[in-house]
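Heads up, the thing below is written out as structure tokens.
What follows is calculated from the coordinates using simple rules that are stated; it is not laboratory data. Computed from a prediction, not measured in an experiment: that's the story for all the values here. Backbone-built Cβ (ideal geometry, glycine too); neighbour counts: all protein chains shown.
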């Protein structure tokens, strides 16, 4: 018997746990709470920076459970934000991290981009690379810089 009795929920739980395991590994922690907070904070900052149309395209590729966290609290009319520099984007990530988080915002973004590059369509990742401030490539996985 499945964990929830609904295949769609079991699938999203499995996929989300996979993402969180990868995030925890990237962050060097055993805490799923820290992994989720870092991923959620980065996804929110990313969502707010890339504009509504691109945000919807990205959201469609996320596991259903993460998609809910991604859209939580979103106000499309206030996007895209205009971060032009890496430090501005990192500050946005920091503002989205859970209160009391021990994860440094730059590390949260770097880990999130690494996990996204492993779990999402390469074309989507390359498109995001074009939208973000050029300096944000410093956080990008090497394989996507080629």
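Numbers below:
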quantity	calculated
Exposure proxy ranking, count of Cβ atoms within 10 Å, fewest first, for 101, 112	101, 112
Euclidean distance of C-alpha centroids, the range 1-19 and the range 88-146, integer Å	26
Debye log10 I(q)/I(0) for the chain, one point scatterer per Cα, at q = 0.10, 0.20, 0.21 Å⁻¹	-0.32, -1.30, -1.43
C-alpha long axis of helix 105-119 to longest principal axis of the chain, angle in °	60
Per-residue Cβ neighbour rank within 10 angstrom, fewest leading, 2, 117, 31	2, 31, 117
Helix 122-131 axis, angle to the chain major axis (alpha carbon atoms, nearest 10°)	30
Peptides 102-111, 51-60, 83-92 ordered by average Cβ neighbours within 10 Å, highest first	102-111, 83-92, 51-60
Helix 86-96 vs. the chain, principal-axis angle (Cα, 0 to 90°, nearest 10)	40
Exposure proxy order (Cβ contacts within 10 Å, fewest to most) of 81, 42, 16	81, 16, 42
